[in-house]
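K.L.:
Can you keep this structure in mind? I'll have questions shortly.
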Amino acid sequence: MSQLAPSILAADFNHLGRQIQQLEQNQIKLLHIDVMDGVFVPSISFGMPLITSIRKESRLFFDVHLMIQEPIRYIKEFAEAGADLLTVHVEACKDVTETLKQVKMQNLKCGISLNPETSIERVLPYLDLADLVLVMSVHPGFGGQKLIPETLDKVRILKELRKDKGYHYQIEIDGGVHQGNLQAVVSAGVDIIVAGTAVFSGDIAENARKIKGVIENAS
Ligand code: DX5
Ligand code: ZN
């Protein structure tokens with residue numbers, strides 16, 4: 001069954017610790033953490049100090065999405081801060097293989113991500129190494145955008161490829177997921193569903209329960 005990974009980009013940072021606790025109390029196991037550098041994407045979010053801080057109080061699996069240019073420069077720092085998985089963008093690395101290998105050398109899971117306009121061919125050489133493929137369903141940089149439906153075709157292709165070639169990666173989708181399109185997302189074959197706005201707007205516990213309910217029914 002697909003898992004929900006709430007994105008803290010949409011959290012209220014004044015109450016971040018308490019909001020993460022609420023997620024844990026509602027059986028959430030993964031936390032999606034969006035790091036943006038203002039270069040690879042137009043926006044700047046947060047970095048290692050925030051991860052270090054929330055790691056002290058949380059045992060959730062930290063799924064760290066690096067929207068930064070040349071992430072190879074910071075792998076050790078993110079490992080030390082408490083990441084469990086580091087996802088890098090195929091568009092942002094000079095040497096993708098070396099970047100993924102260095103993530104693994106830190107004993108972390110490694111993910112590869114591709115933007116909506118990037119073709120699936122770009123990630124094919126790295127699929128045997130990847131523990132996760134993150135399909136961007138919006139242009140990265142901001143929460144609260146609309147899911148681009150064509151990106152679900154990539155999920156279907158990745159699912160087929162995994163079956164045909166015996167790869168082990170999980171497939172994650174990120175951006176614009178809400179209760180209204182969850183069914184379509186689950187049917188496409190996604191393993192991990194990132195949701196920011198849909199989880200953190202309003203009652204977090206109720207949102208998480210409702211989204212998990214739809215996932216259960218759709219699976
Ligand atoms: C976008 C980020 C997403 C974003 C999702 O660049 O990678 O993780 O926080 O937010 P929503 O669910 O609001 O589209
Ligand atoms: Zn993300």
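K.L.:
Please work out which one of (1) open to solvent by 20 Å² or more (accessible area, probe 1.4 Å); (2) among the small types (Gly, Ala, Ser); (3) touching a residue at least 24 places away in the same chain (Cβ under 8 Å) is the condition residue 119 fails and give its number.
P.N.:
Failing condition for residue 119: (3).
K.L.:
List pairs: first residue in region 126-150 and more than 11 Å from ligand 2 (Cβ to nearest atom) and modelled with pLDDT of 95 or more, second residue open to solvent by 40 Å² or more (accessible area, probe 1.4 Å) and part of a strand (DSSP E or B) anywhere in the structure, Cβ distance under 8 angstrom, at least six positions apart or on different chains.
P.N.:
Close Cβ pairs (under 8 Å, with a partner that is open to solvent by 40 Å² or more (accessible area, probe 1.4 Å) and part of a strand (DSSP E or B)) amount to 131/109; 131/170; 132/109; 132/170; 133/170.
K.L.:
Taking region 186-219 on its own, how many of its residues are small (Gly, Ala, Ser) and open to solvent by less than 20 Å² (accessible area, probe 1.4 Å)? Steps first, please.
P.N.:
First, pick out the residues of region 186-219 that are small (Gly, Ala, Ser): 187-189, 195-196, 198, 201-202, 205, 208, 213, 218-219.
Checking the rest, the ones that are also open to solvent by less than 20 Å² (accessible area, probe 1.4 Å) come to 188-189, 195-196, 205, 208.
The qualifying residues number 6.
K.L.:
Restrict the check to region 155-167 and report whether at least one residue is within 16 Å of ligand 2 (Cβ to nearest atom) and open to solvent by less than 20 Å² (accessible area, probe 1.4 Å).
P.N.:
Checking region 155-167: at least one residue is within 16 Å of ligand 2 (Cβ to nearest atom) and open to solvent by less than 20 Å² (accessible area, probe 1.4 Å).
K.L.:
Let me ask something else. Provide a single number: the residues in region 126-139 that are open to solvent by less than 60 Å² (accessible area, probe 1.4 Å), in contact with a Phe, Trp or Tyr (Cβ under 8 Å, 6 or more places away or on another chain) and in a loop (DSSP other than H, G, I, E, B).
P.N.:
Number satisfying all stated conditions: 3.
K.L.:
Restricting attention to region 154-198, which residues are within 19 Å of residue 215 (Cα to Cα), part of a helix (DSSP H, G or I) and charged (D, E, K, R)? If you could, list the steps in order and put the result at the bottom.
P.N.:
Residues of region 154-198 within 19 Å of residue 215 (Cα to Cα): 155-156, 159, 170-198.
So of that shortlist, the ones also part of a helix (DSSP H, G or I) come out as 155-156, 159, 182-188, 197-198.
Correct list: 156, 159.
K.L.:
Report, ordered by the first and then the second residue, all pairs with beta carbons closer than 7 Å, sequence separation of six or more or different chains, a first member in region 1-15 that is in a loop (DSSP other than H, G, I, E, B), and a second member that is more than 13 Å from ligand 2 (Cβ to nearest atom) and modelled with pLDDT under 95.
P.N.:
Filtered contacts from region 1-15: 1/215; 1/216; 1/219; 2/215; 2/219.
K.L.:
Let me ask something else about it. Take region 85-107 and flag every residue that is open to solvent by less than 20 Å² (accessible area, probe 1.4 Å) and either in a helix (DSSP H, G or I) or of a type in the set (A, V, I, L, M) (or both).
P.N.:
Once the filter is applied, which keeps residues that are open to solvent by less than 20 Å² (accessible area, probe 1.4 Å) and either in a helix (DSSP H, G or I) or of a type in the set (A, V, I, L, M) (or both), region 85-107 yields 85, 86, 88, 90, 92, 96, 99, 100, 103.
K.L.:
If you don't mind, another one. Among 70, 57, 24, 80, which is acidic (Asp, Glu) and in contact with a Gly (Cβ under 8 Å, 6 or more places away or on another chain)? Give the steps one after another, and end with the answer.
P.N.:
Values: 70 fails: in contact with a Gly (Cβ under 8 Å, 6 or more places away or on another chain); 24 fails: in contact with a Gly (Cβ under 8 Å, 6 or more places away or on another chain); 80 fails: in contact with a Gly (Cβ under 8 Å, 6 or more places away or on another chain).
Residue meeting the stated conditions: 57.
K.L.:
Looking at (1) more than 30 Å from residue 202 (Cα to Cα); (2) within 16 Å of ligand 2 (Cβ to nearest atom), find the lone condition where residue 96 falls short.
P.N.:
(2)
The values are calculated or read from the model by the stated rules, or taken from the named source; none is laboratory data. Because the structure is a prediction, the values reported are computed rather than measured. Ideal geometry is used to build each Cβ from the backbone, glycine not excepted, and the neighbour counts take in all protein chains shown. Quick note on the areas: whole protein, heavy atoms, side chains included, nothing else; ligands and nucleic acids left out. Shrake-Rupley method; radii C 1.70, N 1.55, O 1.52, S 1.80 Å.
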